[in-house]
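Scroll down for the structure; my scribbles are underneath it.
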Amino acid sequence: SAVHYMENGQFGPTMWYHPNLRNILIYWIGNLFGYGNYSLRGVSLISGILSIPVVYILVYVLTKNKIASLLSAFLLSVEQVHITFSRQAIQETWTTFFFLVGVLLTVLYIQKDKPLLMIFSGIVFGLGISSKFHALFPLLTCLGAGLYISWKERSLSKGIFVFSCLTFVPAIIYLLTFLPWFDRGYGIADWVQMQKSLFVKMTTHKGFPMDQVIDTSAWQWFLRPMGYTNFVYFEDRPFLTIAFSNPFVWLMVIPSTAYMISFLRRHESITPDIRRGTLFLILLFIISYLPLSMSTQPIWLLSSLATIPFTFMIVSLAISKWIK
């Protein structure tokens, strides 16, 4: 798929309806180091590993809670779903890493008022949506938070700046990833029509016949143990991928979220910054999860990587309060 796209501007055959950053990076790395396992899976592995310290930093910046920060990073580092897809050539952990960095940069911009951080946030979010559209939900949450704070500060210029960084900058990055396709002679009008076609395919895709026997209901993720499997027969060898949620953590998500909302209501002494930071984490989870949970299309467990970093943060915050 990477060679087809970069050399001929053609989509597929692998997941042709998803964005194309995966094809671009794998092609570049493959040309440098060959198309072996490390080239195909290297970005997934590195982004999966790097997401762990980013989770720690994000929780600490928002809540100043070291216990919750360490526990969040630990839960992600041992999460079997995260480990499984950090070892795949597909872009699930890429998307997670990019939107986590984007959220962190937005938070640091709000706290430190350094415009360059907001610009970099837009770039990283652009890389996220160029990997998979799940990054759009944390982006919209950050956009809403940035516009709200600009309104509170009565700063029109700041609001325009935040809006530009989190709309135009990611859109430009996303558009640039289609340069190999544009090189075939297409124009913007063709691109718009093609986006409509890709959206229709993406929202109607039901997988393969064998996929119908595995868990595909996102609304059940935090209500019962869930699993994912994929079977491929390649070069006369069978390859089986299995992933499953950790029920000891996943089943704590909804009670922990309810507890943290109640905790914020009952404890008026919490500093405004920590209160806002905790509410922001809860919003990140809700806004990232609701569209998936309400979807009538199959949502496989691999898509949970778009939400579980935020759920682990909330669970860790709740545990840190319970043990005090």
**OP:** Name the single residue, out of those in the range 52-77 being more than 25 Å from Leu302 (Cβ to Cβ) and among the hydroxyl-bearing types (Ser, Thr, Tyr), that is surrounded by the fewest Cβ atoms within 10 Å (Cβ to Cβ).
**Re:** Tyr60
**OP:** Check whether at least one residue in the range 227-244 is part of a loop (DSSP other than H, G, I, E, B) and surrounded by 10 or more Cβ atoms within 10 Å (Cβ to Cβ), and report yes or no.
**Re:** no
Subject >> Checking Lys64 against (1) modelled with pLDDT of 95 or more; (2) under 28 Å from Ser256 (Cβ atoms), the condition it does not meet >> reply: (1)
Original post:
In the set Leu140, Leu116, Leu127, which member is of a type outside the set (Phe, Trp, Tyr) and touching a helix residue (DSSP H, G or I) at 6+ places or on another chain (Cβ under 6 Å)?
Top reply: Leu127
Subject >> Matching residues in the range 29-44 - criterion: being crowded, with 17+ Cβ neighbours inside 10 Å and either at pLDDT 95 or above or hydroxyl-bearing (Ser, Thr, Tyr) (or both) >> reply: Ser39, Ser44
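Identify the residue in the range 264-278 that is open to solvent by 80 Å² or more (accessible area, probe 1.4 Å) and assigned to a helix (DSSP H, G or I) and, among all such residues, is modelled with the highest pLDDT.
Among those residues, the one meeting the criterion is Arg276.
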Original post:
Of all residues in the range 279-317, how many are among the β-branched types (Val, Ile, Thr), modelled with pLDDT of 90 or more and either part of a loop (DSSP other than H, G, I, E, B) or touching an Asp or Glu at 6+ places or on another chain (Cβ under 8 Å) (or both)?
Top reply: 2
Original post:
Given the structure, is Ile49 part of a helix (DSSP H, G or I), touching a Ser or Thr at 6+ places or on another chain (Cβ under 9 Å) and surrounded by fewer than 15 Cβ atoms within 10 Å (Cβ to Cβ)?
Top reply: yes
Original post:
Here are His18, His4: which of them is within 28 Å of Thr203 (Cβ to Cβ), assigned to a helix (DSSP H, G or I) and open to solvent by 10 Å² or more (accessible area, probe 1.4 Å)?
Top reply: His4
Original post:
Which helices (runs of 4 or more DSSP H) does the range 83-202 wholly contain that include 3 or more residues that are open to solvent by 50 Å² or more (accessible area, probe 1.4 Å) and touching a residue at least 12 places away in the same chain (Cβ under 8 Å)?
Top reply: 115-129, 156-176
Original post:
Here are some residues: Phe33, Phe11. Which one is touching a Ser or Thr at 6+ places or on another chain (Cβ under 6 Å) and at negative phi?
Top reply: Phe33
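The values are calculated or read from the model by the stated rules, or taken from the named source; none is laboratory data. Just so you know, these numbers come straight off a predicted model, no measurement behind them. Counting neighbours? That spans all protein chains shown, and the Cβs are built from the backbone with ideal geometry, glycine included. What goes into the accessible areas is simple: the full protein's heavy atoms, side chains included, and nothing from ligands, DNA or RNA. Shrake-Rupley method; radii C 1.70, N 1.55, O 1.52, S 1.80 Å.
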